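Input: a single structure, listed below in structure tokens.
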Amino acid sequence: MVICIIRKLLLRGIKICGLVGLIHNTFNGFNQKDLQAFEEMLYVDALRGEDATGVACVTTKQGATVLKEASHSYWFTYTKEYNEARNSFLSKGKALLGHNRKATIGGKKDENAHPFVFDDRYVFFHNGTLNNHRKLADTEVDSEALGMHLVKCNGDVEKIATLMDQVTGTYACVWY
């Protein structure tokens with residue numbers, strides 16, 4: 001059902017953000033084929049939004065490298081910053097998470113690209129559009145407001161349901 005709805009939206013020319021990801025089952029990092037597959041997913045996912053691209057690489061030491069900018073994923077993967085970080089993905093990467101943004105709420109600026117990082121602890125991605133984001137947090141972008149709202153749970157899974165009851169709109173979230 002969700003696939004049919006997304007297909008109808010795309011056929012009508014309506015773009016919505018997209019999320020992609022790749023998780024590796026070893027501690028040796030990704031190999032060249034893994035990175036190529038991730039970059040191809042990120043590129044194809046630009047069909048869901050061309051206004052900004054962001055990547056988070058979760059490392060084997062449980063940290064994360066975050067890169068983002070207001071550009072198409074094709075150009076993003078050719079930036080100096082991405083290519084410098086790409087080498088560390090090969091040796092330390094455990095999970096790669098990517099986002100392509102369609103700017104439905106908030107301008108096309110680097111700071112509005114995903115992921116959002118909160119408290120140097122949480123890395124947050126969102127796909128969807130919220131109707132009440134200003135009630136959650138006073139931010140330009142609904143995704144940032146949702147992330148700020150959800151980190152209030154501080155890892156308490158039961159509290160997430162209570163916080164989500166206060167959210168109206170559509171959402172798919174990924175956070176680390």
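Listed by first and then second residue, the pairs with beta-carbon distance under 9 Å, at least 6 apart or on different chains, first residue in region 27-44 and on the phi < 0 side of the Ramachandran plot, second hydrophobic (A, V, I, L, M, F, W, C) and assigned to a loop (DSSP other than H, G, I, E, B), are F38/F30. Residues that are buried (at least 17 other Cβ atoms within 10 Å of the Cβ) and either in a helix (DSSP H, G or I) or not aliphatic (A, V, I, L, M) (or both) were ranked within region 1-20; the one that is modelled with the highest pLDDT is G18.
In summary, N28 fulfils each of the numbered conditions (1) in a loop (DSSP other than H, G, I, E, B); (2) buried (at least 20 other Cβ atoms within 10 Å of the Cβ) with the single exception of condition (2).
Among the listed residues A56, A37, which satisfies the condition of being closer than 18 Å to R101 by Cβ and either out of contact with any Cys (no Cβ under 9 Å at 6 or more places or on another chain) or not in a helix (DSSP H, G or I) (or both)?
Numbers: A37 fails: closer than 18 Å to R101 by Cβ.
A56 is the lone residue from the list that is closer than 18 Å to R101 by Cβ and either out of contact with any Cys (no Cβ under 9 Å at 6 or more places or on another chain) or not in a helix (DSSP H, G or I) (or both).
Against the test of being crowded, with 19+ Cβ neighbours inside 10 Å and touching an Asp or Glu at 6+ places or on another chain (Cβ under 6 Å), the options H133, H114 yield a single qualifying residue, H133.
Taking the criterion of being surrounded by 14 or more Cβ atoms within 10 Å (Cβ to Cβ) and farther than 26 Å from R48 by Cβ, the only residue of region 153-176 that qualifies is C153.
Name the one entry in E39, E50 that is within 17 Å of the chain's Cα centre (by Cα) and farther than 20 Å from V123 by Cβ.
On the way: E39 fails: farther than 20 Å from V123 by Cβ.
One residue alone meets the criteria, E50.
All conditions but one from (1) in contact (Cβ under 8 Å) with a residue 40 or more places away in the chain; (2) more than 20 Å from T60 (Cα to Cα); (3) out of contact with any helix residue (DSSP H, G or I) (no Cβ under 9 Å at 6 or more places or on another chain) apply to K94; the one that does not is (2). Of the residues making up region 37-80, those that are touching a Gly at 6+ places or on another chain (Cβ under 6 Å) and either open to solvent by 20 Å² or more (accessible area, probe 1.4 Å) or of a type in the set (D, E, K, R) (or both) are D45, R48, K68.
The values are calculated or read from the model by the stated rules, or taken from the named source; none is laboratory data. Just so we're clear, the structure is a prediction, and the values are computed from it rather than from any experiment. When we count neighbours, we look across all protein chains shown, and the Cβ atoms used for this are built from the backbone with ideal geometry, even at glycine. Ligands, DNA and RNA are excluded from the accessible area calculation, which covers all protein heavy atoms including side chains. Shrake-Rupley method; radii C 1.70, N 1.55, O 1.52, S 1.80 Å.
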